[in-house]
Amino acid sequence: MANLYYNDRLIIAFASQNQSDKQWTAGAEITWSRDGRRHSHNIGGLADRFKTGEDAEKFVINLAQAWIDANP
């Protein structure tokens, strides 16, 4: 699991391994506060598969950063 602050938002990225094929998938939650209220956005259900958990987390962190950039 990786935690990263990016443009005043917290990205919590995680990877999980599929036991049948030993490949990794990733997901992330983006959280932030605005006007005293907590907001969040989830990234999941991705079809992409990776050989390592680290590669999966790097991929989803890039997706999360792109989402943040597109949703200031």
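If you take the residues of segment 11-21 that are at pLDDT 95 or above and either surrounded by 15 or more Cβ atoms within 10 Å (Cβ to Cβ) or part of a loop (DSSP other than H, G, I, E, B) (or both), which of them is nearest to the chain's Cα centre (by Cα)?
Residues of segment 11-21 at pLDDT 95 or above: 11-17.
With the extra rule that they be either surrounded by 15 or more Cβ atoms within 10 Å (Cβ to Cβ) or part of a loop (DSSP other than H, G, I, E, B) (or both), the set shrinks to 11-15.
Values: Ile11: 6, Ile12: 6, Ala13: 4, Phe14: 7, Ala15: 9 Å.
Taking the candidates together, the pick is Ala13.
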Tally the residues that are outside any loop (DSSP other than H, G, I, E, B), over 15 Å from Tyr6 (Cβ atoms) and without any contact (Cβ under 8 Å) to a residue 12 or more places away in the chain, restricting the search to segment 34-53. 3
Evaluate segment 54-65: report whether one residue or more is of a type in the set (Phe, Trp, Tyr) and either part of a strand (DSSP E or B) or free of Cβ contacts under 8 Å to residues at least 24 places away in the same chain (or both). no
Filtered residue count, segment 16-36, keeping only those that are over 13 Å from Ala64 (Cβ atoms) and not basic (Lys, Arg): 12
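The values are calculated or read from the model by the stated rules, or taken from the named source; none is laboratory data. Everything numeric in this text was worked out from a predicted model, so none of it was measured. Backbone-built Cβ (ideal geometry, glycine too); neighbour counts: all protein chains shown.
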